[in-house]
C-alpha cells in the first residue's frame, strides 16, 4: 500500500500549523511535513503531533535574511549564518520529534567554492543530526521555479552524498523538480535508490494535484514501491481549488 504525507507548506495554508496537522489527520494522511515552522512554538506543534499520532517527517532550514535568499549552505561567504540555520532546524526538529531536516543550498554558481562550502556545512549538519538521530536531506530544485539554485540535478546530489560520506545524508527526490530539469524519473530513482531518503510528488508542469499532467503517478509510485522504497510519498503540491476539494487523487492512489 502506498503511504502519503501532507506537506503543510502548501496544503491547508489557511489554517495554523497545529490545526493543519489536525486536519491532515482527519483527512486520512499518515504523516505530515512542513517548510518553515519557526513562527509557531514547538510546544504547540508537538501537542498537535501527539494528539493525532502523526509523524513529522521533516522541515527546512530557513531561507536566509537577505532579499532573494533561498537557503545558505552553498554560499561560501555565509558559513556562519548557514550553520546557525542548521543548528536552529535541528533544535526545532528535536523539540517537536521530527525525523529529518532539509538543508537548503541556496542560489550560487556551480563551482568548487560553492561545492566545498555546501559539503562543509552538510558535514556539520550530519554530525549534529547524528547525535540527535536525525536524517539530513538535500533536494535538487529546478531553475524554472528557483533560478540559480545551486543543487538542481540528482547526480549532483549523489556526488555530494558521496563526498560528505555520512550515513544520515540522503536525497529528497522531488518528482516535480526532477521531471522539469531532467526527466527519466524511474531510471534516476532506481539508479540512486540507496541514497534516497524521501520522495515528493506534484503534477508537472502545473504543480497541482498529482492527477494531471505529464507524469503518470499511478504507475510511477507503485514502481518505486516495487523497487524497494518503503517510505512516504510527500504531497507537496499547490491545490487547484482548496485542499479538501482536491483529495480524490489520494483516495484513488491509496488503493493501488
Picking from 157, 252, 203, the residue that is modelled with pLDDT under 95 and either over 15 Å from residue 102 (Cβ atoms) or not in a loop (DSSP other than H, G, I, E, B) (or both) would be 252
Residue set 49, 56; condition within 16 Å of the chain's Cα centre (by Cα) and closer than 26 Å to residue 229 by Cα; output residue 56
The one condition residue 29 fails out of (1) within 15 Å of residue 100 (Cα to Cα); (2) touching a strand residue (DSSP E or B) at 6+ places or on another chain (Cβ under 6 Å) is (1)
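The values are calculated or read from the model by the stated rules, or taken from the named source; none is laboratory data. Not measured: the values here are computed from a predicted model. Heads up, the Cβs are rebuilt from the backbone with ideal geometry, glycines too, and the neighbour counts pull from every protein chain shown.
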